[in-house]
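Structure, as structure tokens:
The values are calculated or read from the model by the stated rules, or taken from the named source; none is laboratory data. Computed from a prediction, not measured in an experiment: that's the story for all the values here. Neighbour counts are summed over all protein chains in view; Cβ atoms, including those assigned to glycine, are modelled from backbone coordinates with ideal geometry. Heads up: the accessible areas ignore ligands, DNA and RNA and are worked out on the full protein's heavy atoms, side chains in. Shrake-Rupley method; radii C 1.70, N 1.55, O 1.52, S 1.80 Å.
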Amino acid sequence: MSFDLIIQDIYNQVKEAQDNGKVASYIPELLNVNPESFGIYFSANNQVRYGIGDCGYKFSIQSVSKVFSLSLAYSLKGEDIWNRLGVEPSGTSYNSLIQLETDHGIPRNPFINAGAIVITDILISCLPNYRHDFLEFVRKLSGVKSINYSAKIAVSEKAVGYRNIALCNFIKSFGNIENNPEEVLDFYFDICSLEMSCEELSNSFLFLANQGLNPHSNEQVLTKSQSKRINALMQTCGFYDESGEFAFKVGLPGKSGVGGGIVAVHPGEYVISVWSPKLNEKGNSFKGMQFLEKFTTESRLSIF
Ligand code: GLU
């Protein structure tokens, strides 16, 4: 099958289609982007690579980074992390506080902000040089040394991060944050501020298409079982309150971010990343969702 032709054809169709989405504005610096940007990058386990449009342009990956922080914490602490957070879809928005009260400060899953903040706290407790170690982890996964945090984005988010500040302090009140909330939040904002291109994202997620093995370094990052579990979590919780719809329409594990990026994984086969900054009302890339639905339909390569 010729993936490049399928991707090219769908890219052209979706590029021309009406986009009803809006660029995220609650982090002011995120508005500083060309709203018409659109890029795709496909990386297969068998070395086939194909990119089109703005696939080499670095953008703010925001919550896509939650997969990296979860993977690093899981590799360091193993199953113990599940004493601190759950594995169920929340059915609420990504920054909701509601369930934390009745759940006694245990976030429903690692992909809502509350869960990612607990994961950030775990990394701080485990790694003396956490800012550097996390970056090295992502650089190794991608095989790209230039990947970095964006101070501009992190500062911009910190200045208006009232909900995340509330979440972190609320979880701390239940005893499920070990470190100083301000330190945890600073690192959380740094993690969200990572800038990567679709090409870098696809290549860095290949370990999840490869049973936990990083093909760039030949290192086993996660066990097969851990890799399966992260894919399962992406399938059930990766798209905020639209995870069911993504499974229904696209049929792949994946993770989105409010910067307009989506990464989807076909375990054993390939990774595909899409970037288009205008978001639908659920906070997922409008064109990204459209593209991926058409892609798995036309290529007939979803996991179902
Ligand atoms: N840094 C963003 C926040 O915490 C991430 C949101 C997202 O991409 O889902 O609000």
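Here is how the numbers come out for the structure above:
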| quantity | calculated |
| --- | --- |
| Flag for Phe205 being away from the ligand (no atom under 13 Å from the Cβ), of a type in the set (Phe, Trp, Tyr), over 26 Å from Pro28 (Cα atoms) and crowded, with 24+ Cβ neighbours inside 10 Å | yes |
| Identity of the residue in the range 145-187, in a helix (DSSP H, G or I) and of a type in the set (Ser, Thr, Tyr), that ends up most open to solvent (accessible area, probe 1.4 Å) | Tyr162 |
| Single condition Gln47 does not satisfy, out of (1) at positive phi; (2) in a helix (DSSP H, G or I) | (2) |
| Search result, residues across the range 4-31 that are within 16 Å of the ligand (Cβ to nearest atom) and without any contact (Cβ under 8 Å) to a residue 12 or more places away in the chain | Ser25, Leu31 |
| Residue that is open to solvent by 10 Å² or more (accessible area, probe 1.4 Å) and either within 16 Å of the ligand (Cβ to nearest atom) or out of contact with any helix residue (DSSP H, G or I) (no Cβ under 8 Å at 6 or more places or on another chain) (or both), where the choices are Gly115, Gly91, Gly51, Gly56 | Gly91 |
| Residue within the range 77-98 that is more than 22 Å from Ile262 (Cβ to Cβ) and at pLDDT below 95 present | yes |
| Members of the range 240-285 that are within 15 Å of the ligand (Cβ to nearest atom), of a type in the set (Phe, Trp, Tyr) and either in contact with a His (Cβ under 8 Å, 6 or more places away or on another chain) or at pLDDT 95 or above (or both) | Phe246, Trp275 |
| Count of residues meeting criterion [closer than 21 Å to Ile81 by Cβ and in contact (Cβ under 8 Å) with a residue 24 or more places away in the chain] in the range 205-220 | 6 |
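For every residue, the table says whether it meets (1) touching a Gly at 6+ places or on another chain (Cβ under 8 Å); (2) farther than 19 Å from Glu200 by Cβ; (3) surrounded by fewer than 23 Cβ atoms within 10 Å (Cβ to Cβ); (4) not basic (Lys, Arg).
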{"position": "Glu219", "(1), (2), (3), (4)": "no, no, yes, yes"}
{"position": "Gln226", "(1), (2), (3), (4)": "yes, yes, yes, yes"}
{"position": "Thr236", "(1), (2), (3), (4)": "no, yes, yes, yes"}
{"position": "Gly244", "(1), (2), (3), (4)": "no, yes, yes, yes"}
{"position": "Gly251", "(1), (2), (3), (4)": "no, yes, yes, yes"}
{"position": "Gly254", "(1), (2), (3), (4)": "yes, no, no, yes"}
{"position": "Val263", "(1), (2), (3), (4)": "yes, no, no, yes"}
{"position": "His266", "(1), (2), (3), (4)": "no, no, yes, yes"}
{"position": "Ile272", "(1), (2), (3), (4)": "no, no, no, yes"}
